[in-house]
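Before any comments, here is the structure.
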């Protein structure tokens, strides 16, 4: 009996949830522009995080981790609005479960590679 692992990638992204979030962020002009500006700000050599100063992260790691956190927070805020509050508990759980699957590090890296 052979075991096969299921391919969960989608359109070159880690999974469907990541692809879906990346699709929106890359196609909504205002969101895309905001993330690009933020990425440039984080990548500024004069913008040094405390972890970078302490030698915990390289500059590249610090930029990616900061951008990952920024994007995750942005997406969370976009999903936390009055419409979500009006959904029933099942619908809220499904949305939360989907967001838990998003690979925000992969999305952040894609913005840094552009």
Tell me which residues, restricted to segment 94-114, are in contact with a strand residue (DSSP E or B) (Cβ under 9 Å, 6 or more places away or on another chain) and either outside any helix (DSSP H, G or I) or free of Cβ contacts under 8 Å to residues at least 40 places away in the same chain (or both).
103
Where residue 38 falls short, out of the listed (1) touching a helix residue (DSSP H, G or I) at 6+ places or on another chain (Cβ under 8 Å); (2) closer than 29 Å to residue 8 by Cβ; (3) at pLDDT below 90
(3)
Restricting attention to segment 56-66, does a residue exist that is surrounded by 15 or more Cβ atoms within 10 Å (Cβ to Cβ) and under 23 Å from residue 9 (Cα atoms)?
yes
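The values are calculated or read from the model by the stated rules, or taken from the named source; none is laboratory data. All of these numbers come straight from a predicted model, not from anything done at the bench. No Cβ is skipped: glycine too gets one built from the backbone with ideal geometry, and neighbour counts run over all protein chains shown.
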